[in-house]
Amino acid sequence: MSITSVETEFLVIGGGIAGTAAAWRLAEKGREVVLLEKGRIGEEASGRCGGGVRQQYRDPRETPSAINAVQMWAEMDAVLDEDLEYDRGGNIKLVRSPEELSLAEARVEREQSQGLEVSFISPEETRERLPMLSKDIPLFGATYCPSDGTANPLKVTKAIGRAAAKAGAQLCINEPVLEMEPDGDRVKYVRTDKAIYRARNIILAAGPWSGGLLFDLGLRLHLTIKKVSILITQPLPPVIAGFVSWDTGYTRQAKDGNIHIGARTAINKGLDKKLDYRVLMDAGRDFPEVFPFLRDINIIRAFSGLLTYTADDIPVVDRVPGYDNLWAVTGFSGHGFCLGPYMGRVVADWICDGECPEDLSEFAYGRFK
């Protein structure tokens with residue numbers, strides 16, 4: 001097969017939620033944009049996550065961006081004209097020990113000072129909101145953010161990709177990037193097995209694959225890959241409101257009634273997404289302690305996905321040092337589903353307008369020496 005040569009104004013590498021959002025925004029602005037995805041749109045971390053769209057319980061450096069992101073999420077169903085199953089059902093973080101209590105109270109105070117609507121609720125109010133919660137577990141209350149919510153991970157990124165294509169972006173699926181070739185202070189070209197791409201601007205949003213591509217340019221960005229596993233139950237009538245998490249797991253109920261159970265998260269060797277069946281034992285042991293009704297509920301499927309963590313657990317959103325035409329949007333550290341659409345849009349505006357619309361200095365590439 002012959003290799004073609006393609007020139008474009010913008011090249012986006014990665015068809016996850018941040019990459020498709022960047023392509024969508026660029027295409028809306030009338031820019032020429034090509035997106036390269038090694039598989040299919042939205043089928044890596046963006047489609048294999050818990051679906052939480054949350055602002056609370058974040059690193060304080062992320063909270064302002066998360067608040068802005070949720071404002072964008074509130075409009076996405078209408079803007080995309082698709083049902084993303086986005087529901088602002090609230091986010092409850094259970095507090096199960098005195099040690100957690102002191103930390104939770106301090107965190108609520110800090111988040112309130114940052115403008116987030118969040119509060120501490122008593123054990124009695126927590127049980128009132130969650131009547132299916134076990135009466136036997138230690139409970140010191142919970143933190144509650146009413147504007148947090150959930151959405152369907154399998155729908156969201158694909159919908160954004162369709163919007164990008166409709167706006168004029170060229171989406172190239174099943175086309176993994178093989179290398180990036182440096183040339184002084186620029187990336188000369190990006191090569192796949194189908195084409196050589198030369199772009200005036202490149203946005204790298206490739207999640208776990210970002211580190212290897214940067215290494216081609218002689219750059220090191222230490223990224224830790226973790227595997228997260230999610231179990232899906234049979235459909236049930238409404239039994240859990242909103243997104244509920246605690247020290248060892250989380251759960252939510254989807255629009256169709258299935259309960260989503262976020263089980264084992266562990267450092268992963270390589271890029272293997274094979275399900276570790278120990279998660280079934282973990283879930284069978286741990287989750288019924290919190291929600292006893294789960295003991296009698298069937299698990300109908302389970303899957304794993306890869307999360308990309310930076311050394312300080314917040315993302316890199318920045319121009320890559322030493323390269324005038326390369327930008328990195330990666331390392332969301334398990335927090336990217338909420339932030340992704342907003343960060344993709346911010347980076348697109350930043351490149352096009354020459355000025356970042358908000359202060360992203362906390363997400364600078366250069367903070368890692």
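The values are calculated or read from the model by the stated rules, or taken from the named source; none is laboratory data. Computed from a predicted model, the values in this text were never measured in an experiment. Positions of Cβ are generated from backbone atoms using ideal geometry, with glycine treated the same way; all protein chains shown enter the neighbour counts. For accessibility, only protein heavy atoms count, side chains too; no ligands or nucleic acids. Shrake-Rupley method; radii C 1.70, N 1.55, O 1.52, S 1.80 Å.
Looking for whichever is open to solvent by less than 20 Å² (accessible area, probe 1.4 Å) and among the hydrophobic types (A, V, I, L, M, F, W, C) here; the options are Ala74, Ala69. Which one fits?
Values: Ala74 fails: open to solvent by less than 20 Å² (accessible area, probe 1.4 Å).
None of the other options fit; the residue is Ala69.
Looking only at residues in the range 266-282 that are part of a helix (DSSP H, G or I) and within 22 Å of Ser333 (Cβ to Cβ), which one is nearest to the chain's Cα centre (by Cα)? It would help to see each step written out before you state the result.
So the first thing to find is which residues in the range 266-282 are part of a helix (DSSP H, G or I), and the list is 278-282.
Pick out the ones that are also within 22 Å of Ser333 (Cβ to Cβ) and you get 279, 282.
Numbers: Val279: 21, Asp282: 24 Å.
It comes out as Val279.
Looking only at the range 1-45, count how many residues are in a helix (DSSP H, G or I), open to solvent by less than 20 Å² (accessible area, probe 1.4 Å) and either at pLDDT below 95 or under 14 Å from Thr157 (Cβ atoms) (or both). Spell out the reasoning first.
Narrowing the range 1-45 to residues in a helix (DSSP H, G or I): 17-28, 45.
Those left that are additionally open to solvent by less than 20 Å² (accessible area, probe 1.4 Å): 17-24, 26-27.
Of the ones still in play, those that are also either at pLDDT below 95 or under 14 Å from Thr157 (Cβ atoms) (or both) are 17-24.
Matching residues across the range 1-45 total 8.
Just to be sure before I move on: is Glu181 surrounded by fewer than 17 Cβ atoms within 10 Å (Cβ to Cβ), under 27 Å from Gln71 (Cα atoms) and more than 25 Å from the chain's Cα centre (by Cα) in the structure I sent? Spell out the reasoning first.
Numbers: surrounded by fewer than 17 Cβ atoms within 10 Å (Cβ to Cβ): yes; under 27 Å from Gln71 (Cα atoms): no; more than 25 Å from the chain's Cα centre (by Cα): yes.
Answer is no for this residue.
Could we say that Asp359 is in contact with a Lys or Arg (Cβ under 8 Å, 6 or more places away or on another chain), at negative phi and surrounded by fewer than 21 Cβ atoms within 10 Å (Cβ to Cβ) here? Steps first, answer last, please.
Values: in contact with a Lys or Arg (Cβ under 8 Å, 6 or more places away or on another chain): no; at negative phi: yes; surrounded by fewer than 21 Cβ atoms within 10 Å (Cβ to Cβ): yes.
Answer is no for this residue.
With the requirement that a residue be assigned to a loop (DSSP other than H, G, I, E, B) and over 29 Å from Trp246 (Cα atoms), what does the range 71-97 give you? Don't jump to the end; show me each part of the working.
Within the range 71-97, the first condition is being assigned to a loop (DSSP other than H, G, I, E, B), and the residues that meet it are 81-86, 88-90, 95-97.
Result: Asp81, Glu82.
Within the range 234-293, count every residue that is aliphatic (A, V, I, L, M) and closer than 15 Å to Met132 by Cβ.
So in the range 234-293, the residues aliphatic (A, V, I, L, M) come out as 236, 239-241, 244, 254, 259, 261, 263, 266-267, 271, 275, 279-281, 283, 290.
From what is left, the residues that are closer than 15 Å to Met132 by Cβ are 236, 239-241, 244, 259, 261, 290.
Residues in the range 234-293 being aliphatic (A, V, I, L, M) and closer than 15 Å to Met132 by Cβ: 8 in total.
For the range 198-241, name all the residues that are open to solvent by less than 10 Å² (accessible area, probe 1.4 Å) and of a type in the set (Ser, Thr, Tyr).
Listed by number, the residues that qualify are Ser210, Ser229, Thr233.
Hey, any hits in the range 329-343 for a residue that's part of a strand (DSSP E or B), modelled with pLDDT of 95 or more and buried (at least 18 other Cβ atoms within 10 Å of the Cβ)?
Our first condition is that a residue be part of a strand (DSSP E or B); within the range 329-343, this holds for 329-330.
Among the residues that remain, those that are also modelled with pLDDT of 95 or more are: 329-330.
With the extra rule that they be buried (at least 18 other Cβ atoms within 10 Å of the Cβ), the set shrinks to 329-330.
Within the range 329-343, one or more residues are part of a strand (DSSP E or B), modelled with pLDDT of 95 or more and buried (at least 18 other Cβ atoms within 10 Å of the Cβ).
Does the range 287-310 contain any residue that is of a type in the set (Ser, Thr, Tyr), more than 25 Å from the chain's Cα centre (by Cα) and over 24 Å from Tyr86 (Cβ atoms)?
No, there is no match, as no residue in the range 287-310 is of a type in the set (Ser, Thr, Tyr), more than 25 Å from the chain's Cα centre (by Cα) and over 24 Å from Tyr86 (Cβ atoms).
Is there any pair linking a residue in the range 175-199 that is over 16 Å from Val12 (Cβ atoms) to one that is among the aromatic types (Phe, Trp, Tyr), with Cβ under 6 Å and at least six apart or on different chains, and which?
If the second residue must be among the aromatic types (Phe, Trp, Tyr), the pairs left are Glu181/Tyr189; Ile196/Tyr189.
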